[in-house]
Amino acid sequence: MVVACVWISSKDHLRFVSGELLDSFIPLTVQLQSSQPITERAAHEAARLIAKYAGGSIPDTSTLLKRDNKYDVMEATESTKEHTQGVDQDGTDYSYFIEVEIGSEKKTMYMLIDTGAGSSWVMGTSCTSKACEMHNTFGEGDSDSLEVSKSDFNIAYGSGKVSGTWATDTITVAGMSIKYQFGLTHTTSDQFLEFAFDGILGLAINKGSDSNFLNALAKSKEVEKNMFCVALNRAADGTNEGEISFGSPNPDKYSGKITYTSIGEDNDWAIEIDDMGYNGKKADIGGIRSFIDTGTSFMFGSPDNVKKLHALIDGAQSSDGTTYTVPCDSNGNLTVTFSGVDYVISPKDWVSPPNKDGKCTSNVYGFEVVKGAWLLGDTFIKNVYAVFDADERRIGFATNAITDGSSDDSEDSSSSTKTMAASQATKTSDDTEETGITTTSGSKASAVPDMGLGKESVSSGTATADSSEPTETKDSSAPSGPLSQARFTFIFCIVSFFALLA
């Protein structure tokens, strides 16, 4: 069994300046990390997500370390817990990644932790793209144990792609060394110039075969339970104590009880959401699936549902139904309800910093990345302790011990459960080691995209893969169907959406 847990500490997640026009969407210029305005980041984020399924105050830069390649990294403190590793970030809450050692020489690569990606890849030494020139790369000269196959991969995103060759080598994550298949890129879109990480560690459930990290971890017998837990750091809070823990939760990172909701029949980290609200008022926008995605910075939902949510927020306004300006002094908490438990989202995370015109935007956007579903990224995850349990096919949340991101309801010893497929309430109990845990079963949708930075599409004759991260030009290898069509449609629409904000 493999279990992994991740903790996220929040900051002002992606900084999109709502009042700025987008001069262009593709290609991107080299604007590293926090130099981009909030609205522009949000636009790029949404484009990546369409591909993937069909990232407060600015921190003191003294807490950041400069990599040799000029990217900033806010390093996490070391954990003494077994099978646990600190989660670094770029200092803007835009992306969260870990330091992975690969090959016989244990070369360090920074890899995004992405619950929406089914396979993993790193930038290869043979890659001549601008993004590769700016990042750490890995290749045959870095390891005597590297086995490079003759099978190519081509991962398409809504706004780009990465391509390369499948390879196998030893990868060390959280002190665990396992033999693993991953991609070595030959070409990488310029969009990756924005990010500090050198590749993606796919943490999707049951996606791919040898290229699925959780499958490989389960086969390795390194941990008793196939689960991981995440605690993310908010950069504005100072010291980065974020971590990812495999095999079991870390009691030091959460308080109260962990309440679980089943993911149902689909192989996605997606669960039914009961409702959302603001300052104690409910918006009546639940009863649908919600993807929980560590590789996504913001929150996305249908325009109608997002409108209902912002109707509860005094002073919230939108000219396009996609982006909402909100009073910069908004101090109310958003709430997200799963299995009867309310989890709080601090205004530090859902309200962006003011733009050059003194306006603030909401980090909840009215764009339906996945039809009929919510997509909750780090804006939400920073406020909870998130447990992704592959063995029991469920996601659990508890109060984040660092950011105190959920209500006291998380300490309830029980809660009602729902069956997403039938949208009918049922009650089930859970016999797991933790007490006070409840489970909610999920539903199966007809067309559900993979989670990750972008839906992966592998060229014929190669190993299969699933979702992954962003890039910049679609090609013939991009997946077909409703999801991919929506993904590409979004690329053309998102610029005009955000341009209306000016």
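The values are calculated or read from the model by the stated rules, or taken from the named source; none is laboratory data. None of the values given here were measured: they were computed from a predicted structure. Backbone-built Cβ (ideal geometry, glycine too); neighbour counts: all protein chains shown.
Return yes when Lys356 is of a type in the set (Lys, Arg) and within 20 Å of Ser319 (Cα to Cα) and no when it is not. Against the criterion (of a type in the set (Lys, Arg) and within 20 Å of Ser319 (Cα to Cα)), Lys356 qualifies.
Being in a loop (DSSP other than H, G, I, E, B), farther than 30 Å from Pro353 by Cβ and of a type in the set (Ser, Thr, Tyr) holds for only one residue in Ser126, Ser177, Ser151, and it is Ser126. Scanning region 333-361 for residues that are surrounded by fewer than 22 Cβ atoms within 10 Å (Cβ to Cβ), on the phi > 0 side of the Ramachandran plot and touching an Asp or Glu at 6+ places or on another chain (Cβ under 9 Å) gives a single hit, Gly340.
What are the residues in region 367-388 that are assigned to a helix (DSSP H, G or I) and surrounded by fewer than 24 Cβ atoms within 10 Å (Cβ to Cβ), if any?
none
Candidates in region 369-405 are the residues that are basic (Lys, Arg) and touching a strand residue (DSSP E or B) at 6+ places or on another chain (Cβ under 8 Å); of these, the one that is farthest from Ile263 (Cα to Cα) is Lys382.
Might you let me know whether region 385-394 holds any residue that is of a type in the set (Val, Ile, Thr) and closer than 19 Å to Phe300 by Cα? The answer is no; no qualifying residue exists.
The residue list Thr259, Thr239, Thr172 contains one member that is assigned to a strand (DSSP E or B), of a type in the set (S, T, N, Q) and surrounded by fewer than 24 Cβ atoms within 10 Å (Cβ to Cβ), which is Thr172.
Hey, Val364 hits all of (1) more than 18 Å from the chain's Cα centre (by Cα); (2) buried (at least 24 other Cβ atoms within 10 Å of the Cβ) but one; which does it fall short on? Result: Val364 fails condition (1) only.
Does Val148 satisfy the criteria of being surrounded by 24 or more Cβ atoms within 10 Å (Cβ to Cβ) and of a type in the set (Val, Ile, Thr)? No; evaluated as a whole, the condition is false for this residue.
Table: residues versus (1) modelled with pLDDT under 95; (2) of a type in the set (Val, Ile, Thr); (3) in a loop (DSSP other than H, G, I, E, B).
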residue: Ile58; (1), (2), (3): yes, yes, yes
residue: Asn69; (1), (2), (3): yes, no, yes
residue: Val100; (1), (2), (3): no, yes, no
residue: Met111; (1), (2), (3): no, no, no
residue: Gly118; (1), (2), (3): yes, no, yes
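Checked against the criterion of being over 21 Å from the mean Cα position of the chain (by Cα) and among the hydroxyl-bearing types (Ser, Thr, Tyr), the candidates Ser352, Ser318, Ser302 yield just one match: Ser318. With the condition kept exactly as written, say whether any residue in region 158-167 is modelled with pLDDT of 95 or more and either under 29 Å from Glu82 (Cα atoms) or assigned to a helix (DSSP H, G or I) (or both). For region 158-167, residues modelled with pLDDT of 95 or more and either under 29 Å from Glu82 (Cα atoms) or assigned to a helix (DSSP H, G or I) (or both): present.
From the list Val344, Val336, the one residue that fits, being within 17 Å of Ile288 (Cβ to Cβ) and part of a strand (DSSP E or B), is Val336.
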